[in-house]
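The values are calculated or read from the model by the stated rules, or taken from the named source; none is laboratory data. Please read all numbers here as calculations on a predicted model, not as lab measurements. Positions of Cβ are generated from backbone atoms using ideal geometry, with glycine treated the same way; all protein chains shown enter the neighbour counts. Just the protein is used for accessible areas: all its heavy atoms, side chains included, with ligands, DNA and RNA removed. Shrake-Rupley method; radii C 1.70, N 1.55, O 1.52, S 1.80 Å.
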Amino acid sequence: MTPRQGTAGQGKDTRFVIIGAGISGVLMAIKLLESGYRNFTILEKAAEMGGTWRDNTYPGVGCDVAAHLYSYSFARNPWWRTRYGKGADIRDYYHRVARRYGVLPHIAYGCEVTSAVLEAGRWVLTTRGGGTYAADIVIAATGRLHHPVVPDIAGLESFAGASFHTARWDHSVPLAGKRVGVIGTGSTATQIVTALAGKVARLTVFQRTAQWVFPVKDTPNPWWKRLAWALSRRNWESYYRQLRRETEARGKAATSSEEGRRARDQVCLDALAAIRDPQLRDKLTPDYAVGCKRLVFSDGFYEAIQHPGVEVVVDPIDRVVPQGVLTKDGTLHELDVLALATGFDAHAYVRPMQVTGEDGTTLDEVWRELPLSYRSIAVPRMPNFLMINGPYSPGGTASVVGIVEVQVGYVAQLIERIVQAGILLSPREEPARQWLDEVRERARQSVWGSGGCQSWYLDKTGTPTLDPSTLSELQEQLAVPDWDHFIERPR
Ligand code: NAP
């Protein structure tokens, strides 16, 4: 995608607001620029762009999706040093791309949107500081995993050492020579444990549920490969396509193919079987199907957890006391630092923002039962209010970057229609409900719904809020909008 300069074409003065300057928001901005729209602002609540890669700076932070695949397909970076990107490198990459494509001047920082109200055919957005912004079209690119969950553990406030959620890591707290506790065993915790084992005085991991771990190798990309990717787009594209095929096959195995599933499960079982201490192996053995929770892809977690300076505690936590964590068996685990790797509220989506659409209908009303949307992207009665990576977006089967690229392509088509016809566009309720029923049924049948575990994928009814469709399937589903599924009104 090469952004064109703004043309004087019809509707190019349309006013847009994008909410959030993470991977999706920046991508949407690039797409607007490419289409000749320059009249837009990205409202970003923080003081920097980068979304999850700005928030997560914990030790060992990285991405377990191959770095080339975790990049925009049009903004190739041949220089990734290793197969998997480190957090800081990913943050720098997205910042570089935003700068290169002219997105940075459009970002307004420190602007957390608290409400969006449709008034006389235009959206009026209010930010926490009291600023107001008007827009013909709003695109919420607010991300999914950005509201940290602080666990409801008695006495947490009483801890005398340093305690913080992993997405708010306090780098002023020294770790060397300290007794560090980590609550949780998800993808975040496993990266932290892998990074800190042997580097702190003692590492205590509080595990409520064991995780399946799929071992991967984070190999360096040798200089000659990087040079070849830099010199030849074809070379780079062929590697990108190969990674996509591999990820798609693995994602499909997780959700449909029996044979693929068995092969993947065996890799996890073999890795687990290699744990030397049978008691530790027992502790780390999950009691649910592989892939039910998001798989941990790790180069080194099982080695790290076997380090003599690491202890896995499976007795439930009773309370936190000033000296550390007290477990139900009466043991006091003394700590200097306590990291809460306890995940995120994945069901908030654009909330707590208050959104009020047609006839005073609020998003909370539309979403009272379930977060109803049409294809994760548009909400009935909320005309010209579009979402990237909204409820029931695919996940776990592909790189989120590929997914949001497909969604942005679809949103761009809706935008063209809105602008060309000068209309308010919203999905009809019936197709939205039908799509929701279909996607929920698909999700229930996936291992996420049937694998016998609890996870952030599940909503209060126990149904996964992710679409198990693969990237190729999503591309087909979102290739061209079905205009019969939308209502058009004059603006
Ligand atoms: P998570 O997967 O939701 O894991 C939270 C962990 O905290 C779980 O082990 C959970 O135990 C535990 N926990 C929560 N409340 C607890 C309590 N009150 N007492 C004891 N334990 C408690 O969160 P995450 O690890 O931050 O990962 C979230 C998602 O972010 C991932 O699934 C992934 O999609 C994404 N992520 C991706 C990468 C990457 O490399 N691509 C890296 C990090 C994160 P239970 O299992 O028993 O609930």
Practice task
Show the residues, 5+ positions off or on another chain, whose built amide H is closer than 5 Å to the amide H of G62.
Solution key: G87
Problem - Set of lysines near K31 by C-alpha distance (under 21 Å), chain-local residues within fewer than 8 positions excluded - result: K12
Problem - Gain upon complete extension [H485, R233; 0.36 nm per residue less C-alpha separation] - result: 86.8 nm
Exercise for the section: For segment 103-145, state the average projected area of the convex hull of the C-alpha atoms over all orientations, rounded to one decimal in nm². Expected result: 3.8 nm²
Handout entry: Ellipsoid equivalent to segment 378-431 - semi-axes via the Cα gyration tensor, in Å
Key = 23, 14, 7
Exercise for the section: Show which lysines lie in cross-link reach of K252 when reach means a straight Cα distance below 18 angstrom and same-chain residues fewer than eight apart are skipped. Expected result: K293
Fill in the blank from the handout: Over segment 255-412, the quotient of the Cα radius of gyration and 2.2 N^0.38 Å is 1.46
Fill in the blank from the handout: note: segment 131-239, Cα-Cα separations exceeding 25 Å make up a percent value of 52 percent
Problem - Fraction of alpha-carbon pairs over 16 Å apart in segment 44-155 - percent - result: 69 percent
Handout entry: Loop-located trypsin sites (Lys or Arg not before Pro) in segment 137-217, at most 11 other Cβ atoms within 10 Å (DSSP)
Key = K217
Problem - Q454 paired with D152, simple spin-label distance in nm, labels 7 Å along Cα-to-beta-carbon - result: 1.1 nm
Problem - All lysines inside 30 Å of K178 as judged from Cα atoms, apart from same-chain residues fewer than 8 positions distant - result: K86, K199, K217, K283, K328
Practice task
Taking every Cα atom in segment 440-484, find the radius of gyration and the maximum pairwise distance Dmax, and write them in Å.
Solution key: 12.9, 39
Practice task
For segment 258-321, state what percent of all Cα-Cα pairs lands in each successive 5 Å bin, counting from 0 Å until the bin that includes the largest distance.
Solution key: 3, 13, 24, 23, 17, 11, 5, 2, 1, 0
Exercise for the section: Give me the percent of DSSP beta bridges within segment 1-126 that run antiparallel, rounded to the nearest 5. Expected result: 55 percent
Handout entry: Approximate shape of segment 300-366 as ellipsoid semi-axes (Cα gyration tensor, √5λ), whole Å, largest first
Key = 42, 17, 10
Practice task
Calculate, axis by axis, the spread of Cα positions in segment 332-491 along the three principal axes, and write the results as whole Å, longest axis first.
Solution key: 66, 35, 26
Practice task
Estimate the FRET efficiency between R83 and T57 by the formula 1/(1 + (r/R0)^6), using the beta-carbon distance for r and 30 Å for R0, to the nearest 0.05.
Solution key: 0.90
Completion exercise
Rounded to whole angstroms and listed largest first, the alpha-carbon spread of segment 39-94 along its three principal axes comes to 36, 30, 15
Fill in the blank from the handout: Rounded to the nearest 10 Å², the 1.4 Å probe accessible area of F206 is 10 Å²
Handout entry: Local electrostatic count at R83 - Lys and Arg +1, Asp and Glu -1, tallied over other residues with Cβ under 13 Å
Key = 0
Problem - In Hz, Karplus ³J(HN,Hα) per residue of segment 146-152 (6.51, -1.76, 1.60; θ = phi - 60°; x = Gly, Pro) - result: 9, 9, x, 9, 8, x, 8
Handout entry: Computed over segment 92-183, Kirkwood Rh from alpha-carbon pairs, angstrom
Key = 17.7 Å
Practice task
Quick one, could you list the DSSP H helices from the chain stretching 30 Å or more along their long axis (Cα atoms) with average Kyte-Doolittle hydropathy of 0.5 or above?
Solution key: 400-421
Handout entry: Computed over the chain, Cα set: Rg, Dmax in Å
Key = 23.1, 72
Fill in the blank from the handout: With a Förster distance of 51 angstrom and the Cβ-Cβ distance between D170 and A134, calculated FRET efficiency to the nearest 0.05 equals 0.85
Problem - Kirkwood hydrodynamic radius of segment 7-79, Cα pairs, Å - result: 14.3 Å
Problem - Computed P(r) (all Cα pairs; segment 321-398; 10 Å bins; percent) - result: 15, 34, 15, 15, 17, 5
